[in-house]
Amino acid sequence: MITIRDIAREAHVSVATVSRVLNNPQLVNEERRLRVLQVIGERNYYPNEVARGLITKLTKSIGLFVTDVENTFFTALIKGVTDGLYASGIDIYLCITGNDLDREMRYMDNMLKKRTDCALLIGTRPRDAKNNEMILAMAEAMPVVMVFEYMPDVGIYSIRTDEINWARQAVKYLIGLGHRRIGFINGDRNHSTYYQKQLGYEVALAEEGIGRQDRYCVRVSPYEAGGYEGAQALLSLTDPPTALFTASDQIALGAYRAIAAKGLRVPGDVSVIGFGGIPFAAEMSPSLTTVDQHPYEVGENAAKLVLKILHGKEIREKQTILQADLVLRDSCAPPKTET
């Protein structure tokens, strides 16, 4: 199947240039425009969906890109989006990428062909992602809204929380309880959400006069199994941490299991803080202290932003920073002994 990347390669131009030829041809010099159109004609690139879109201008459809449906945080967020858009009659093409950049690019190419009215990208992506050019090409063709991710200075809309600050707040709360050996179970720092949480962790330690604690930082898959693995490694140290800050609530659940397997208790022996605010955090035993990012409400806000964009309403700020909250429950307590 011919893709926009194939057209770009054969015409010796960028993907963004092909997108501009299709959507804003006045921005492309004549020689390049004709070269791209020649390849498009030779390869019969236009599908019927594009022809219809050129006539109606709006297709009343959006592409909803989700990196990971195994993460229950995104389940609540997607529900917020779909509930928020239901009454509008907008069709949603759900594209589950599984954190596979090649798959994501294929879906993006399909959305460009269908001329969907907007692309809504949920979830973090590698900070050096090779699909950045495709995202920029989509932004040339249609509005792009990134949720819990952003690309500064390129005119793409984003909705997120200040994860650096809230990671900082969570760690400072543990320090305020008296903890000094604070483990951090994180995901891949090449993804911006985990990079930002790492920064927040380090800032909190520095502000409280605690040196870097690299040996207490582990990187795992951001699921329950990763939390179990990371907590096992940290609790096996000769001087294990007395508290664990985890990059997601699912990681925290795995940490609970590892703590129990060691014959220890939460919070009597080890305090735990999660991040995200998924519903089951309140049902864990003991209930999990966490940074609640209100995923359902974030999804609703993303839907409202999409509707504003499609209705041509003025939006003054491209980036929306939403409120989060440190929700104190039963999983944290002062350390048993002075450290």
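The values are calculated or read from the model by the stated rules, or taken from the named source; none is laboratory data. No experiment lies behind these values; they were computed from the predicted model shown. Cβ sites come from the backbone with ideal geometry, for glycine too, and all protein chains shown count toward neighbours.
For beta carbons closer than 6 Å, sequence separation of 6+ or different chains, a first residue in region 218-235 that is in contact (Cβ under 8 Å) with a residue 40 or more places away in the chain and under 12 Å from Gly183 (Cβ atoms) and a second that is assigned to a helix (DSSP H, G or I) and not hydrophobic (A, V, I, L, M, F, W, C), the qualifying pairs are Gly227/Gly254.
Is it true that some residue in region 304-312 is crowded, with 19+ Cβ neighbours inside 10 Å and either assigned by TED's automatic domain parsing to the domain that holds Tyr173 or over 18 Å from Asn71 (Cα atoms) (or both)? So far as region 304-312 goes, yes, one or more of its residues are crowded, with 19+ Cβ neighbours inside 10 Å and either assigned by TED's automatic domain parsing to the domain that holds Tyr173 or over 18 Å from Asn71 (Cα atoms) (or both). None of Gly200, Gly226, Gly209 is out of contact with any His (no Cβ under 9 Å at 6 or more places or on another chain), closer than 20 Å to Asn99 by Cβ and not polar (S, T, N, Q) except Gly226. Given the options Ala87, Ala76, name the one that is at pLDDT 85 or above, over 25 Å from Arg20 (Cα atoms), touching a Pro at 6+ places or on another chain (Cβ under 7 Å) and among the aliphatic types (A, V, I, L, M). Answer to the check: Ala76. Asn110 passes every criterion in (1) modelled with pLDDT under 90; (2) touching a Leu at 6+ places or on another chain (Cβ under 9 Å); (3) not aromatic (Phe, Trp, Tyr) apart from (2). Residues in region 246-290 that are in a strand (DSSP E or B) and either closer than 20 Å to Arg181 by Cα or among the polar types (S, T, N, Q) (or both): Thr246, Ser271, Val272, Ile273, Gly274, Phe275, Thr289, Thr290.
For region 287-296, the count of residues that are assigned by TED's automatic domain parsing to the domain that holds Glu224, surrounded by fewer than 19 Cβ atoms within 10 Å (Cβ to Cβ) and under 20 Å from Ala170 (Cα atoms) is at least one.
Contact annotation: residue pairs with Cβ atoms under 6 Å, 6 or more positions apart or on different chains, pairing a residue in region 196-209 that is crowded, with 20+ Cβ neighbours inside 10 Å with a partner that is part of a helix (DSSP H, G or I) and of a type outside the set (A, V, I, L, M), are Gln196/Glu163; Lys197/Glu163; Gly200/Arg168; Ala204/Arg168; Ala204/Lys172.
Please indicate, with yes or no, whether at least one residue in region 163-178 is part of a helix (DSSP H, G or I), without any contact (Cβ under 8 Å) to a residue 60 or more places away in the chain, in contact with an Asp or Glu (Cβ under 6 Å, 6 or more places away or on another chain) and more than 30 Å from Thr3 (Cα to Cα). Checked region 163-178: at least one residue is part of a helix (DSSP H, G or I), without any contact (Cβ under 8 Å) to a residue 60 or more places away in the chain, in contact with an Asp or Glu (Cβ under 6 Å, 6 or more places away or on another chain) and more than 30 Å from Thr3 (Cα to Cα).
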